[in-house]
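Trainee: Pasting a structure here, questions to come.
Rule-based calculations on the coordinates, nothing more; no lab input. From a predicted model like this one, the values you see are computed outputs, not experimental measurements. Cβ sites come from the backbone with ideal geometry, for glycine too, and all protein chains shown count toward neighbours.
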Amino acid sequence: MSMEARAIKRYIPGSPRKMRLVADQIRGKSVEEALDILHFSPKHASKVCELTLRSAVSNLISAKDGGRIDTVSVVVSTITVDGGPMQKRILPAPMGRAYRVRKRTNHLTIVVTEIE
């Protein structure tokens, strides 16, 4: 039986589209490889993704009652990015008009699985 654990980070500032670019890079990879990719990625979303991934691995360790886990045998099984609520702001535009600025947020869910 393979163990799995998950971590959810909600209301992350930034668009879901930009977060998905980072999420697609680590889907299906081992945790060690995924952490290396995220650590050296220049994107802002990769920092948040790295913290959430470390949290998921920590959740897996605590689910095993603090047992030792070889991070090579742990895989990012699913990673999903969903849109969160938008803050709507107004930007002055030419000729007395106003443009609506949608400040987006996203929710990140990472599930890690230990394989035998």
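Trainee: Given H placed on each backbone N at 1.01 Å, which residues far from K29 in sequence or on other chains put an amide H within less than 5 Å of it?
Mentor: Under 5 Å from the amide H of K29 lie the amide H atoms of V76, each far enough along the sequence or on another chain.
Trainee: Taking a cut-off of 12 Å between Cα atoms, list the aspartates and glutamates near K9, but don't count ones fewer than 8 places away on the same chain.
Mentor: Partners within reach: E50, D82.
Trainee: Let me ask something else about it. Can I get the semi-axes of the range 4-114's equivalent ellipsoid? Compute them from the C-alpha gyration tensor as square roots of 5 times the eigenvalues, in angstrom, largest first.
Mentor: After scaling each eigenvalue by five and taking roots: 35, 13, 9 Å.
Trainee: For every other residue with a beta carbon closer than 10 angstrom to the beta carbon of K18, add +1 if it is Lys or Arg and -1 if Asp or Glu, then tell me the sum.
Mentor: Counting the neighbours of K18, the net charge comes to +4.
Trainee: Is any helix in the chain, taking whole DSSP H runs, at least 24 angstrom long along its axis by alpha carbon and on average at least 0.0 on the Kyte-Doolittle scale, and which ones?
Mentor: 44-63
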